[in-house]
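In what follows, a structure is listed as structure tokens, so that the remarks can point back to it.
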Amino acid sequence: MLFVPERFAHGYQTLEDNTELDYQMSVFFEPAFQKGIRWNDPALSISWPNGNRIISEKDSSFPLLSEIDLGSS
């Protein structure tokens, strides 16, 4: 179990086939309010494990950190 605070960026990569992930949220999901950072943004310097990836179109289209106005909420 992992607690991720509200508005805290997070990501994951599964390393095994047929992995399931369940989310519990404090409010009902509203897609219009969803924000994100591109998973492979070089500014984040995340060393993701090598291998084949299946990345959703939504996750692939998130902006780079440098493209985000951090003054807005």
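The values are calculated or read from the model by the stated rules, or taken from the named source; none is laboratory data. Here the structure is a predicted model, which is why all the values come from computation and not from measurement. Positions of Cβ are generated from backbone atoms using ideal geometry, with glycine treated the same way; all protein chains shown enter the neighbour counts. Just so you know, the surface numbers come from the protein's heavy atoms only, side chains and all, with ligands and any DNA or RNA stripped out. Shrake-Rupley method; radii C 1.70, N 1.55, O 1.52, S 1.80 Å.
Here N50 does not qualify as part of a loop (DSSP other than H, G, I, E, B), without any contact (Cβ under 8 Å) to a residue 24 or more places away in the chain and either touching a strand residue (DSSP E or B) at 6+ places or on another chain (Cβ under 6 Å) or open to solvent by less than 100 Å² (accessible area, probe 1.4 Å) (or both).
Condition check for D59 on (1) among the acidic types (D, E); (2) exposed (fewer than 10 other Cβ atoms within 10 Å of the Cβ); (3) outside any loop (DSSP other than H, G, I, E, B): one failure, at (2). When Y12 is tested against (1) closer than 19 Å to S66 by Cβ; (2) of a type in the set (S, T, Y); (3) open to solvent by 100 Å² or more (accessible area, probe 1.4 Å), exactly one condition is not met: (1). Every residue in segment 15-43 that is open to solvent by 100 Å² or more (accessible area, probe 1.4 Å) and closer than 16 Å to L70 by Cα, please. F33, K35 - these are the residues of segment 15-43 that are open to solvent by 100 Å² or more (accessible area, probe 1.4 Å) and closer than 16 Å to L70 by Cα.
Just a yes or no: is a residue in segment 8-19 aromatic (F, W, Y) and without any contact (Cβ under 8 Å) to a residue 24 or more places away in the chain? Yes: segment 8-19 contains one or more residues that are aromatic (F, W, Y) and without any contact (Cβ under 8 Å) to a residue 24 or more places away in the chain. Examine segment 65-73 for a residue that is modelled with pLDDT of 90 or more, open to solvent by 90 Å² or more (accessible area, probe 1.4 Å) and part of a loop (DSSP other than H, G, I, E, B), and state whether such a residue exists. Scanning segment 65-73, I find no residue that is modelled with pLDDT of 90 or more, open to solvent by 90 Å² or more (accessible area, probe 1.4 Å) and part of a loop (DSSP other than H, G, I, E, B), so the answer is no. In segment 20-47, of all residues being part of a loop (DSSP other than H, G, I, E, B) and in contact with a Leu (Cβ under 7 Å, 6 or more places away or on another chain), the one that is nearest to P5 (Cα to Cα) corresponds to I37.
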